[in-house]
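The values are calculated or read from the model by the stated rules, or taken from the named source; none is laboratory data. Just so we're clear, the structure is a prediction, and the values are computed from it rather than from any experiment. Note: ideal-geometry Cβ built from the backbone for every residue, glycine included; neighbour counts use all protein chains shown.
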Amino acid sequence: MELTFLGAAGEVTGSCTRVRHEGGCFLVDCGLFQGGRSAPLRNMRALDFALRDIDFVLLTHAHLDHSGLLPRLVALGYKGPIYATRATVDLLGVMLLDAAHIQEKEAEWANRHDRARHARRGWDVAPLYTVEQARLSLSRLRAIDYDEGLEPHKGVRCRFRDAGHILGSSFIEVDVAMGGATRRIVFSGDLGQPLRPVLRDPEVTERADILCIESTYGNRAHRQMAQTLDELTVALHQTLVHDGGNVIIPAFAVGRTQELLFVLADLVRSGRIDRLQVVVDSPMASAATALTVKHEDLWDAETRELYRWAQHNSDRFSVRFVQDVEESIALNGCRGGLVILSASGMCEAGRIKHHLRYNLDRRECSIVMVGFQAAGTLGRRLVDGARYVTLFGERIPVRARIHTIGGLSAHADQPALLAWLGHLHQPPRKTFVVHGEMAAATTFAAAIQSALGWPEPVIPEPGKVYALH
Ligand SMILES: [Zn+2]
């Protein structure tokens, strides 16, 4: 058997692992490369191998760095099934179409505005994939339930288990026949931090012969939730009650927005804040929230209870979902009293940029940063204390208070990852540390050896073929 890591090797995006075994070949995840100038080219070149050999695809979860190349895979000729959990299939119906729409818009922009380059190049930039191609890839999806046994191909059995990372997220146990015996490969996907809002804690696995474990935060421990809530309460009080401004929260549409709604509702229910008027201004976040409500069966018990409370206490905790552009623009005239959640999470695109434009230069407002801000993004400049930023070609002074609040990460930290691995009855024959920047992956590989006493894990090189026995 052979494993090849085509992405997320020494970095966090582009998850895609190819497994060759006696009976055939399959992929686990097929994600976009994100961040950095080289990402568009890497995405164009990513699936440069014999796609005809692939019998099926297993998908751990809907985040684009795991799923975002599926439309391209299908457009390039892949005709087999793509297996994912029911909630993942629902989310992809929104997310892949949105991703394709963005790809189309970006190509259009490049062709129209970058005339000098266009003239040099002499041809039109094509989108990575179109909305039509994304729609076609959705027809290849096969929804399955957690813990359901699946035999996607002769000699391969697998089981999707709850990873507690985002709605529908899974880690996958794959049993592959090998010379009369079977080998179990476990793909962790992205693992959630236990005891976090909305979703259930990750399930655990007791056996893995070969393990691929994520390491996004393999080199750190998250701040305690209690401290996070204290910081958030202070920021909300000061801005809404004391100063009479708005609180703007840039938030990823899928996962983070729903967790924030939970956290904010809980602050009101527990009496730490009297009342809150929340606006969710992101069509994608609204769609993802609706899907989260649809999949109530995947929530933890506290979330169900809190949801019932919120339904009967809309005078104290109200949430408005904004769809129309006109309604979104009207928000610019609201001077105070609102908590506005909007995307994108790193302030690079979408409606959040308008809310920043109208609130950043006002001392009575505050911006609460709750997610990872990659280098080079507007969000990162705000976190780093920029005094001016440029929005829509205009220089805007930063007068609002900027709060950076940790502790809401959707990824398990080092202690949680080690605890999860601790459930294995025996060390795997081979452990691959994936989905982490080099510093995180190497620190985590060392932690696995010292804390668990396992043999040295491998941080795979992208594209290299690893033979396994
Ligand atoms: Zn993820």
Checked S188, S215 against criteria (within 16 Å of the ligand (Cβ to nearest atom), in the same structural domain as G80 (by TED's automatic domain parsing) and more than 30 Å from Y307 (Cβ to Cβ)); the one match is S215
Taking the stretch 79-97 and keeping residues away from the ligand (no atom under 16 Å from the Cβ) and out of contact with any Lys or Arg (no Cβ under 9 Å at 6 or more places or on another chain) leaves R86, G93
Residues of the stretch 117-143 being in contact with a strand residue (DSSP E or B) (Cβ under 6 Å, 6 or more places away or on another chain) and over 13 Å from V74 (Cβ atoms), in sequence order, are R142
Can you find a residue that is in a helix (DSSP H, G or I) and either outside the structural domain of C347 (by TED's automatic domain parsing) or free of Cβ contacts under 8 Å to residues at least 12 places away in the same chain (or both) anywhere in the stretch 275-291? yes
Counting only residues that are of a type in the set (A, V, I, L, M, F, W, C) and within 19 Å of T13 (Cβ to Cβ), the stretch 40-57 contains a total of 6
- Could you say whether any residue in the stretch 39-56 is more than 17 Å from S170 (Cβ to Cβ), within 15 Å of the ligand (Cβ to nearest atom), in contact (Cβ under 8 Å) with a residue 24 or more places away in the chain and touching a strand residue (DSSP E or B) at 6+ places or on another chain (Cβ under 7 Å)? no
Practice task
Might you check whether a residue that is in the same structural domain as A208 (by TED's automatic domain parsing), under 22 Å from the mean Cα position of the chain (by Cα), more than 16 Å from the ligand (Cβ to nearest atom) and within 22 Å of G345 (Cβ to Cβ) occurs anywhere in the stretch 145-158?
Solution key: no
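For every residue, the table says whether it meets (1) free of Cβ contacts under 8 Å to residues at least 60 places away in the same chain; (2) among the basic types (K, R); (3) part of a helix (DSSP H, G or I).
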site	(1), (2), (3)
L27	yes, no, no
A84	no, no, no
D90	no, no, yes
D98	no, no, yes
A110	yes, no, yes
Across (1) exposed (fewer than 13 other Cβ atoms within 10 Å of the Cβ); (2) not in a strand (DSSP E or B), T390 clears everything bar (2)
Given (1) of a type in the set (A, V, I, L, M, F, W, C); (2) in a helix (DSSP H, G or I); (3) farther than 24 Å from G93 by Cα, I340 misses just (2)
Filter the stretch 397-422 for residues that are within 16 Å of the ligand (Cβ to nearest atom), closer than 16 Å to S188 by Cβ and outside any helix (DSSP H, G or I); the one that is farthest from the chain's Cα centre (by Cα) is D413
Could you tell me whether the stretch 317-333 includes any residue that is in a loop (DSSP other than H, G, I, E, B), closer than 21 Å to A253 by Cβ and at pLDDT 95 or above? yes
Checked the stretch 60-78 for anything in contact (Cβ under 8 Å) with a residue 60 or more places away in the chain and either more than 16 Å from the ligand (Cβ to nearest atom) or in a loop (DSSP other than H, G, I, E, B) (or both); matches are T60, H61, A62, H63, P71, R72, L73, V74, A75, Y78
Can you say whether I172 is within 16 Å of the ligand (Cβ to nearest atom) and farther than 24 Å from L408 by Cα, as far as the supplied structure shows? yes
Notebook entry, point to check: Is there a residue in the stretch 346-366 that is free of Cβ contacts under 8 Å to residues at least 60 places away in the same chain, in the same structural domain as L236 (by TED's automatic domain parsing) and within 16 Å of the ligand (Cβ to nearest atom)?
Noted result: no
Notebook entry, point to check: For W309, are the conditions met, namely being away from the ligand (no atom under 16 Å from the Cβ), under 23 Å from the mean Cα position of the chain (by Cα) and in the same structural domain as P250 (by TED's automatic domain parsing)?
Noted result: no
When A221 is run through (1) closer than 30 Å to D297 by Cβ; (2) among the aliphatic types (A, V, I, L, M); (3) modelled with pLDDT under 95, the failure sits at (1)
